[in-house]
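Just below is one structure, and these are the notes that go with it.
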Amino acid sequence: GQYIMLKVPGLVGVRQYSIASAPSMDHGIELLADIVPGGKGSTYLAGLEPGDTVEFMAPAGAFVVKEESELLFVATGSGIAPIKSMIGDLLVDKKDERRIWLYWGMRHSDDNFWFENFARMAQEYENFNFDMVLSQAPEGWELCKGRVTDCLAGHNKEWDSAKIGAYVCGNKKMIEDVKAWLSKQEVLPERVHQEQFYG
């Protein structure tokens, strides 16, 4: 759940980008960037070529997995980046046997990058459950539809509210909605961890 502070030429200050790769990747890092037309940081990243030199500081951040008995991850859009890193670290590298749930919300089916990656992990690791949630699902979509809280409401009996640790990453409204829903499920506030994405 770490991020880099990237120096963008011509801009004052830094831009923050979550690290999507697991800590075990020792030859580089993977970032997930939403390329915003006209955005200074994303335009810079999109224009990089292999071999270009970049200046950044890392790692930074306090969005890290705690010692809860069960783990619930909820993300929307590019908020999946730090969660991908954490889940990869837990399952692939550490062989963590805790029960883990991931709910990832997107608008359209065409936005489903990494879907096959998580679906494959759900098949390979019995303790990992993955649900893709589309707010604007096409006709015939058989998985969760609506908002991530809609999907959570249909599945919440699968975990123990007294044991679960929740990790929520995305826009402010989604985080507020998920935290409010978790509170109604009697998940303790200190067991809800968040990372807000702006934009």
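The values are calculated or read from the model by the stated rules, or taken from the named source; none is laboratory data. Remember, predicted model here, so these are calculated numbers, not experimental data. Note that we place each Cβ from the backbone using ideal geometry, even for glycine, and neighbour counts take in every protein chain shown. Please note that ligands, DNA and RNA were not included when accessible areas were found on the heavy atoms of the full protein model with its side chains. Shrake-Rupley method; radii C 1.70, N 1.55, O 1.52, S 1.80 Å.
Annotation: of all residues in region 1-41 being among the polar types (S, T, N, Q) and not in a loop (DSSP other than H, G, I, E, B), the one that is nearest to the chain's Cα centre (by Cα) is Ser18. The listed residues are Tyr44, Tyr103, and the only one of them that is among the hydroxyl-bearing types (Ser, Thr, Tyr), in a strand (DSSP E or B) and either open to solvent by 40 Å² or more (accessible area, probe 1.4 Å) or closer than 22 Å to Arg120 by Cα (or both) turns out to be Tyr103. For region 64-95, name all the residues that are of a type outside the set (S, T, N, Q), open to solvent by 30 Å² or more (accessible area, probe 1.4 Å) and either without any contact (Cβ under 8 Å) to a residue 60 or more places away in the chain or outside any helix (DSSP H, G or I) (or both). Val64, Val65, Lys66, Glu67, Lys94, Lys95, listed by residue number. Within region 156-198, being open to solvent by 70 Å² or more (accessible area, probe 1.4 Å), assigned to a loop (DSSP other than H, G, I, E, B) and under 19 Å from Gly1 (Cα atoms) holds for one residue alone: Tyr198.
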